[in-house]
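The structure under discussion is supplied below as C-alpha cells; questions concerning it will follow.
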Amino acid sequence: MTCTTAQHLPERLIWGPVTLSVTDLNRAEAFWTGFLGFVRRPAEGPGFALGTPDRTLVVLTPGATGPVARGHAGMYHVAFRMPSQAEFSRRMRRFLDRGLVFSPVDHLMSKALYVSDPDGHGIEIAWETPERFGRFSDEGGPFAMFDAEGRVHSGRERLDVEAELAQADGTDPALALHRDATVAHLHLHVPALDPALTWFEGLGFARNLHLPDFGMADMGAGASYTHRLAMNIWAGPGARPAPANSARLLSYWLQTPDVATFAGARMRLNEDTQTGDLVGTDPAGVTLRLQVLPDRSL
C-alpha cells in the first residue's frame, strides 16, 4: 500500500454534471426524482437534466438498449455529497419510506448509502466526515484505517441505521434534494491503475491511496479531503469501454478555478475552439470536458 497526502489547498478541480444513457427515459426520471429526490432542471436536447433547485448534477439521455454491461471500463459509481448529517439521514429515511434497497457503509472518512438505478448505474449518497479519520495503516499487511481516537477500522463496516436516522433533526423526507448537494466524486473501472493515475495527474488530481493488491487507487484535488476520484481494475485488467448500446457514463464535466491547472491539462486534452473548454477521452473511454471558472474577483 502506498499513500501520499494531497496538498492542503482549495480544490483545484470541481465536479460538474455527469451524463448517463438509459434504456427508458421516463422510468429513469421517475426513479431519480421519486426515490432519490432530484428535481427537474432546464435542459437542451432529448434528455432530462436533474439536480437541485440551483445546480444540474446529472443528465439522463436516451439511446441505450440494454442495462449497464459488466466487465467493462467506465463508471463504477457516481457519488453525491450531502451538505449535512441531517440531510444524509433524511435521504436514508426517504429510501426506507419508499422501500428502496440500499447498502449503508461506514468508510470512516465518509458515510455512504449505495443504490442502483433501474439500468444498473451505481449511485452513492455521501456525507463526508474527515474529522473522524486519523490515518491509514502504515504497518504493512491488510488494508486498515484508524479513526481520530486511534481505533482500527476496515473502512467497509455497516452503518448503524437507527443511529443515523436519529440525526435527521425532524426534517421532512418528502422534500426534494437539498440545494447545496453536489457531485462528490467519480469511481471508475479502468484498464490499468498506474497509467490511469498518471493520466489524471495531468489534469491536476493528486495521488492518495494506491492499493495494487486490492486493485484500487484514489486521488484528491488539492484539499484535505482526498477522495475526489477513485479507480479500480475490478472489471478485469485491460477492460475495454462499455458497448455503445449499453447504459453507461457518456461524459462528465470538470471545472477549475485555477488557470495553471487548466493550462497544464492541455497536455491531455484538446481545445474546443467554440467554447474555449478542453475536451478529451479519459483512460476509461469516457468523454470529459474541463472548463475554467471565471474570476469572480473581477
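Would you confirm whether or not region 96-105 contains a residue that is buried (at least 20 other Cβ atoms within 10 Å of the Cβ) and either among the acidic types (Asp, Glu) or in a loop (DSSP other than H, G, I, E, B) (or both)?
If we filter region 96-105 for residues that are buried (at least 20 other Cβ atoms within 10 Å of the Cβ), which is where we start, we get none.
No: region 96-105 contains no residue that is buried (at least 20 other Cβ atoms within 10 Å of the Cβ) and either among the acidic types (Asp, Glu) or in a loop (DSSP other than H, G, I, E, B) (or both).
Can you name every residue in region 107-122 that is under 12 Å from the mean Cα position of the chain (by Cα), surrounded by fewer than 21 Cβ atoms within 10 Å (Cβ to Cβ) and closer than 19 Å to residue 161 by Cα?
114
Continuing with the same structure: Which numbered condition in (1) at pLDDT below 95; (2) under 21 Å from the mean Cα position of the chain (by Cα); (3) not aliphatic (A, V, I, L, M) is the only one that residue 32 fails?
(1)
While we're looking at this one, here's another question. Go through region 63-78 and report how many residues are under 21 Å from residue 191 (Cα atoms), surrounded by 21 or more Cβ atoms within 10 Å (Cβ to Cβ) and among the aliphatic types (A, V, I, L, M).
4
Here's the yes/no breakdown for (1) assigned to a strand (DSSP E or B); (2) more than 29 Å from residue 223 (Cβ to Cβ); (3) at pLDDT 95 or above:
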| residue | (1), (2), (3) |
| --- | --- |
| 64 | no, yes, yes |
| 71 | no, yes, yes |
| 79 | yes, no, yes |
| 91 | no, no, yes |
| 118 | no, yes, yes |
| 134 | yes, no, no |
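Can you tell which of 177, 197, 209 is assigned to a loop (DSSP other than H, G, I, E, B) and of a type in the set (A, V, I, L, M, F, W, C)?
Values: 197 fails: assigned to a loop (DSSP other than H, G, I, E, B); 209 fails: assigned to a loop (DSSP other than H, G, I, E, B).
One residue alone meets the criteria, 177.
Looking only at residues that are outside any helix (DSSP H, G or I), in contact with a strand residue (DSSP E or B) (Cβ under 6 Å, 6 or more places away or on another chain) and touching a residue at least 40 places away in the same chain (Cβ under 8 Å) in region 21-52, which one is nearest to residue 288 (Cα to Cα)? Before the answer, list the steps.
Initial filter on region 21-52 (outside any helix (DSSP H, G or I)): 21-24, 35-52.
After this cut, where a residue has to be in contact with a strand residue (DSSP E or B) (Cβ under 6 Å, 6 or more places away or on another chain) as well, the list is 21-22, 38, 41, 43, 47-51.
Now narrow it down to the ones that are touching a residue at least 40 places away in the same chain (Cβ under 8 Å): 21-22, 38, 51.
Numbers: 21: 15, 22: 19, 38: 23, 51: 19 Å.
Once the filter is applied, the top-ranked residue is 21.
Something else about it: Kindly establish whether residue 54 is within 19 Å of residue 180 (Cβ to Cβ) and surrounded by fewer than 16 Cβ atoms within 10 Å (Cβ to Cβ). Before the answer, list the steps.
Working: within 19 Å of residue 180 (Cβ to Cβ): yes; surrounded by fewer than 16 Cβ atoms within 10 Å (Cβ to Cβ): yes.
Yes.
Out of everything in region 260-294 that is surrounded by 13 or more Cβ atoms within 10 Å (Cβ to Cβ) and among the hydroxyl-bearing types (Ser, Thr, Tyr), what residue ends up being farthest from the chain's Cα centre (by Cα)?
261
So if I check each of 254, 203, 186, which one is buried (at least 20 other Cβ atoms within 10 Å of the Cβ), closer than 25 Å to residue 23 by Cβ and in contact (Cβ under 8 Å) with a residue 24 or more places away in the chain? Step through it out loud before you land on a result.
Working: 254 fails: closer than 25 Å to residue 23 by Cβ; 203 fails: closer than 25 Å to residue 23 by Cβ.
Matching residue, one of 254, 203, 186: 186.
Take the residues of region 138-174 that are outside any loop (DSSP other than H, G, I, E, B) and over 24 Å from the mean Cα position of the chain (by Cα): which is surrounded by the fewest Cβ atoms within 10 Å (Cβ to Cβ)? Spell out how you get there, then give the answer.
Residues of region 138-174 outside any loop (DSSP other than H, G, I, E, B): 145-147, 152-153, 157-158, 161-165.
Okay, now just the ones that are also over 24 Å from the mean Cα position of the chain (by Cα), so 152, 162-163.
Values: 152: 11, 162: 7, 163: 9.
Checked region 138-174; the qualifying residue surrounded by the fewest Cβ atoms within 10 Å (Cβ to Cβ) is 162.
The values are calculated or read from the model by the stated rules, or taken from the named source; none is laboratory data. Predicted model only: the values in this text are computed from it and were never measured. Counting neighbours? That spans all protein chains shown, and the Cβs are built from the backbone with ideal geometry, glycine included.
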